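Report on the following structure.
Bear in mind these aren't lab numbers, they're just calculated from the coordinates by the rules spelled out. What you are looking at is a predicted structure, and each value in this text was computed from that prediction instead of being measured. Cβ placement follows ideal geometry from the backbone for every residue including glycine, while neighbour counts extend to all protein chains displayed.
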Amino acid sequence: MNIQNMILTLQKHWSEQGCVLMQAYDVEKGAGTMSPYTFLRAIGPEPWKVAYVEPSRRPADGRYGENPNRLYQHHQFQVIMKPSPDNIQELYLDSLRALGINPLEHDIRFVEDNWENPSLGCAGLGWEVWLDGMEITQFTYFQQVGGLECKPVSIEITYGIERLASYIQDKENVFDLEWTEGFTVRDIFGQPEYEHSKYAFETSDEEMLFQLFSTYEKEAHRQMEEGLVHPAYDYVLKCSHVFNLLDAKGAISVTERTGYIARCRNLARKVAKTFYEEREKLGFPMLTNGGGNTNE
Amino acid sequence: MNKSDLLLEIGLEEVPARFLTHAMNQLAEKVKQLLTEKNIEFGAVQSYSSPRRLAVLIEDVSEKQLDLHEEVKGPSKKVALDAEGNWSKAAIGFTRGQGKSVEDIYFKEINGVEYVHVEKFTKGQDTIAILSSLGELITSLTFPKNMRWANLDIRYIRPIRWIVALFGNEIINLEVATVKSGRASYGHRFLGERVEIPTAKEYKQLLLSQYVMADYKDRKAVILSQIHQLEKEQNWLIPIDEDLLEEVTNLVEYPTVLFGSFDEDYLQLPKEVLITTMKEHQRYFPVTDSNGNLLAYFVTVRNGDQNHLETVRKGNEKVLRARLQDAVFFYEEDKKLSIEKALNKLEHVVYHEEIGTYQDKLTRIQELSQYIVQKVGINGEEEKQTLRAAEICKFDLVTQMVDEFTELQGIMGEKYAKIAGEADLVALAINEHYMPRFSDGQLPESNAGAIVSIADKLDTLASFFALNLIPTGSQDPYSLRRQATGIVQILLQKGWNLDFTSLLKKGIAKTSGFSKRGEEEVLNDLLEFFKLRFKHLLNERQVRYDIIEAVLEAPITNVKSLITKADILQAKKEESGFKEDMEALSRVVNIASKAEKIVEINADLFENESERVLYNEFVKIENAASQSLNDEQYYAQLVALNKPITNYFDQTMIMVDDENIRNNRLSFMRKLADLILYFAHFQNIIVK
């Protein structure tokens with residue numbers, strides 16, 4: 001099965017489970033969790049179900065398109081269900097069946113893996129799912145997001161698309177994966193991988209990036225004061241990406257590094273709190289019976 | 001009395017393997033405790049667990065609680081009867097509270113006072129009614145890590161999905177986290193199905209029919225026998241790492257052992273890299289030939305049956321290949337990195353936010369190593385190489401291999417240092433300075449490794465104590481206890497005559513740049529911390545507790561001496577004359593505490609022979625002590641004072657009216673006491 005059909009299959013499967021099918025959020029980010037469809041919607045009592053593909057940029061992982069396993073940008077298929085359904089593991093396993101993975105022919109395991117992202121004030125418990133020894137999915141019950149306790153708890157399922165595809169297509173090199181008939185990952189992402197790696201490691205303008213960080217940060221704070229969470233959060237995401245670029249370049253010294261991470265964390269916490277307050281002002285409009293209780 | 005079997009199974013989403021056995025035992029203990037408390041008789045107990053369940057089966061549980069005959073004590077007779085001999089309100093209230101009346105009262109004497117008593121009989125209830133509290137028992141289990149799910153408040157190891165609760169063939173009605181109990185359990189996720197359990201006794205067999213081996217001992221035995229089978233067939237050795245076996249056993253419900261292979265070219269990687277990749281990352285057992293050389297095979301345990309093993313093997317081989325490819329890439333890249341470049345990078349690696357970078361730490365390790373080198377008298381080439389090891393011991397932290405496999409720190413350092421042309425001893429010391437790597441692990445053999453190890457650990461301890469990050473209770477995130485124990489073990493093994501308190505002070509002084517506390521305060525805390533380690537060590541040597549107290553109260557000069565002193569006292573305590581020796585020395589210590597004004601001792605103020613004799617002995621020991629007596633000699637000198645001290649107290653009145661004479665004598669006692677206390681606080685020793 002090529003990547004395109006995998007995505008279509010997953011979309012169909014989760015759409016049938018009542019998920020809102022979204023498109024990738026159009027601001028650079030390091031992981032699907034950072035999309036507002038996850039980070040913000042996991043906050044507060046309102047129910048939510050969503051599925052989307054998220055291109056995830058990790059400048060430090062770029063290898064000029066030369067490494068068979070590492071990418072500047074890879075793809076995650078992200079599912080959030082809030083509150084977590086009782087049969088979530090079955091729903092997930094059904095999605096593997098839909099991808100043509102018959103559990104009886106493989107060895108599928110849920111191996112403990114607890115997830116933490118201190119810079120976003122996030123923590124969760126769950127597993128990595130192993131398919132014949134390979135980690136193909138992160139499966140996490142969110143306990144805390146943006147420093148706020150989750151109630152109800154969301155379940156997050158993150159499939160590593162390229163990882164899973166390399167198994168399904170039995171390819172050793174990620175660039176040889178077929179995206180759709182006639183197009184490989186190399187055809188689509190080969191040149192960008194090289195250029196982004198070169199940019200991140202060699203040609204980026206550090207001074208400009210430092211300036212951008214401060215500018216974005218200031219704007220994020222300013223918009224939060226206006227109660228405009230979503231524009232504010234866009235700027236938080238931009239801060240995070242700029243920080244990742246600077247980090248990949250080795251431009252951030254030790255002492256500064258801790259400072260920058262703390263600044264990102266402050267922003268994330270403040271956004272989470274503001275989002276909660278703004279939804280509360282609106283009376284948590286999506287709240288139905290079976291949602292959850294309000295947060296203290 | 002009729003008896004039935006009790007079964008309780010908690011169905012869960014996959015429980016972390018490392019917590020499973022403990023949780024299983026906890027469940028059994030709690031159920032046993034409940035039955036015991038409630039006076040319900042029961043027979044054999046069998047606990048079960050698998051990734052998706054915790055269960056306990058108790059055979060022959062009485063269907064009724066035992067009837068209870070008890071005698072209940074009430075108020076005293078005086079209180080129970082008023083002046084006219086009528087029952088008081090207190091007496092009436094008591095009997096009513098016990099469901100009795102005043103007619104049932106009789107008196108019984110306790111310690112000469114008569115008290116009201118009644119005989120009480122409580123009829124045993126039906127066990128099944130009492131078992132309804134099993135729901136609370138389920139929620140009362142505790143785990144190291146808990147989580148919430150859906151919109152529930154309960155915190156538990158993982159979400160609860162079903163509960164089987166049977167007494168005989170009856171369902172015990174429970175509800176926990178919206179899950180209602182029943183008789184339906186679930187088999188293996190893929191091979192099994194929902195299964196109704198008619199009676200408790202059929203549990204194990206029915207689960208097996210659904211591809212779940214509920215007894216972890218069975219799973220372990222199956223895994224082991226299949227591994228041994230493979231060893232025989234292939235003429236391999238498959239060394240069994242107990243922790244790995246335990247973990248793997250708890251990761252599967254129906255184990256099937258299989259093997260896979262990898263390209264022999266990868267055998268050129270250091271064997272530690274291969275083993276770590278297989279064991280830690282993939283939970284595979286490595287395979288060796290009969291000489292212990294690694295072979296290009298691995299053994300894994302599938303959660304399932306024999307079908308489609310080829311697919312599972314191929315998948316696992318692919319994963320391992322990708323990981324080994326990464327490892328080769330890291331190895332080749334790391335070899336290109338010069339040590340100097342690596343050290344430069346350490347300037348950018350934070351050791352701890354408030355303590356600074358690894359480069360800062362390395363500087364302190366070098367200075368402390370220099371100090372220890374001098375104190376223990378290492379010189380020449382060995383000195384040079386020790387200091388070189390101290391200078392570069394952390395360089396491998398910036399290599400890609402250690403970044404990926406943290407547990408290989410030091411081990412890769414040794415290999416890369418050799419490749420970079422460092423001396424063998426330098427390379428070895430880099431590896432050894434992390435020892436002991438776990439409690440009671442191997443200790444450094446080379447002096448260089450031992451010195452850098454002490455320097456590194458001391459710096460870590462001093463740094464965290466300087467920030468007041470001191471372990472409390474079970475909280476020891478930087479494993480400072482292990483590091484302290486490591487220092488003690490190394491010092492003992494090397495037998496170095498290194499002044500311990502000065503060593504600590506040296507370490508503390510290096511933290512002045514970031515310390516939040518006074519040096520004196522940190523020293524006291526560190527000494528207290530180490531004293532607990534010493535105590536533990538002496539306990540293990542079976543030294544009596546009062547002797548441990550006695551030697552730990554004395555100044556801690558060096559670790560070896562501390563042990564020797566304890567051993568001497570432990571050995572002498574059975575000898576005749578020990579009691580008298582201790583009493584004599586303690587007398588001096590006790591009277592010395594009365595000294596208020598310490599003066600220069602003036603021998604002209606002595607009035608009798610016993611004073612002069614004891615003073616001469618004191619001077620002798622004091623001189624000898626400064627010429628470093630060994631502990632046996634010192635002890636011998638002290639106990640030789642017995643006679644002179646006894647004579648002294650027989651002939652000398654210390655608290656005389658003449659202030660000069662009194663102060664002179666008290667000051668002498670103080671100084672003599674200090675000499676005595678330098679060895680041990682003998683007054684703490686219990687003598688019979």
For the stretch A:194-282 the GluC sites (Glu not before Pro) that pass both the DSSP coil test and the at-most-13 other-Cβ-within-10 Å test are A:226
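Enter the mean number of other protein chain beta carbons within 10 Å of the beta carbon of each residue in B:156-166, as an integer.
The mean count of partner-chain Cβ atoms within 10 Å per residue comes to 2.
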Per the helix-only model, chain B has a calculated mean residue ellipticity at 222 nm (DSSP H runs of ≥4, -39500 (n - 2.57) each, divided over all residues, rounded to the nearest 500) of -15500 deg cm²/dmol
So the number of lysine pairs in the stretch B:248-378 with alpha-carbon atoms under 22 angstrom apart, 8 or more residues apart or on different chains, is 11
Partner shielding of A:96-107, taken as the mean number of other chain Cβ atoms within 10 Å, equals 4
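So which GluC sites (Glu not before Pro) in the stretch B:483-591 are both in a DSSP loop and have at most 11 other Cβ atoms within 10 Å of their Cβ?
Hits after loop and neighbour filter: B:574, B:575.
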Counting all Cα-Cα pairs in chain B, those more than 39 Å apart amount in percent to 60
Expressed in angstrom, Rg and Dmax over the Cα atoms of the stretch B:344-495 are 14.7, 45
Expected vector for the stretch B:405-420, Karplus 3J(HN,Hα) from phi with 6.51, -1.76, 1.60 and θ = phi - 60°, integer Hz, x for Gly and Pro, equals 10, 3, 5, 8, 4, x, 5, 5, x, 4, 5, 5, 4, 5, 4, 7
Quick shape check on the protein assembly as shown: root eigenvalues a ≥ b ≥ c of the Cα gyration tensor, a/c under 1.5 is rounded, otherwise prolate if a/b tops b/c, else oblate, and it reads oblate
At the level of C-alpha centres, the distance separating the stretch B:105-163 and the stretch B:429-463, in angstrom, is 50
Treating every alpha carbon of the stretch B:569-688 as one equal point scatterer without solvent, the Debye formula yields log10 I(q)/I(0) values at q = 0.10 Å⁻¹ of -0.29
Percent antiparallel among DSSP beta bridges confined to chain A, nearest 5, equals 95
Between residue A:30 and residues 5 or more places away or on another chain, the pairs with built amide H atoms under 5 Å apart involve A:57
Contact order relative to length for the stretch A:128-260, counting C-alpha pairs under 8 Å separated by 6 or more residues, stands in percent at 13
As a percent rounded to 5, the proportion of antiparallel DSSP bridges among beta bridges in chain B is 95
Expressed in µm² per second, the diffusion coefficient of the stretch B:227-312 from the Stokes-Einstein equation, with Rh the Kirkwood radius over alpha carbon pairs, at 4 °C and 1.567 mPa s, is 97
Mean Cβ-within-10 Å packing, highest first, puts peptides B:215-228, B:485-498, B:98-111 in the order B:485-498, B:215-228, B:98-111
So for R0 = 41 Å, FRET eff. of residue B:125-residue A:287 from the Cβ-Cβ r, to 0.05, ends up at 0.35
The ³J(HN,Hα) series, computed from each phi in the stretch B:509-517 with the Karplus coefficients 6.51, -1.76 and 1.60 at θ = phi - 60°, rounded to the nearest Hz and given as x for glycine or proline, is 4, 6, 8, 4, x, 10, 4, 9, 9
Counting only DSSP loop positions in the stretch B:263-362, the chymotrypsin sites (Phe, Trp or Tyr not before Pro) whose Cβ has at most 12 other Cβ atoms within 10 Å are none
Rg from C-alpha atoms of the stretch B:1-109, normalised by the globular rule of thumb 2.2 N^0.38 Å, equals 1.79
Averaged over residues of A:109-116, the number of beta carbons from other chains lying within 10 Å of each residue's Cβ is 5
At R0 = 25 Å the Cβ-Cβ FRET efficiency linking residue B:221 and residue B:272, nearest 0.05, sits at 0.25
Cα extents of the stretch B:251-385 per principal axis, largest first, Å, are 65, 38, 32
The set of residues whose placed amide H lies less than 5 Å from the amide H of residue B:558, leaving out same-chain residues fewer than 5 positions away, is B:500
When B:393, A:150, A:239 are arranged by how many other beta-carbons sit within 10 Å of their Cβ, fewest first, they go A:239, A:150, B:393
Counting only residues 5 or more apart in sequence or on a different chain, those whose built amide H sits under 5 Å from that of residue B:13 are B:161
The ³J(HN,Hα) series, computed from each phi in the stretch B:3-18 with the Karplus coefficients 6.51, -1.76 and 1.60 at θ = phi - 60°, rounded to the nearest Hz and given as x for glycine or proline, is 10, 9, 8, 10, 10, 10, 10, 9, x, 9, 5, 3, 7, x, 3, 5
Scoring chain B by relative contact order with C-alpha pairs under 8 Å, at least six apart, yields a percentage of 7
Taking every C-alpha to C-alpha distance in the stretch B:289-328 and binning by 5 Å from 0, the per-bin percentages run 5, 18, 24, 19, 17, 13, 4
Dividing the mean separation of Cα pairs under 8 Å (6+ apart) by the residue count of the stretch B:234-365 yields a relative contact order in percent of 26
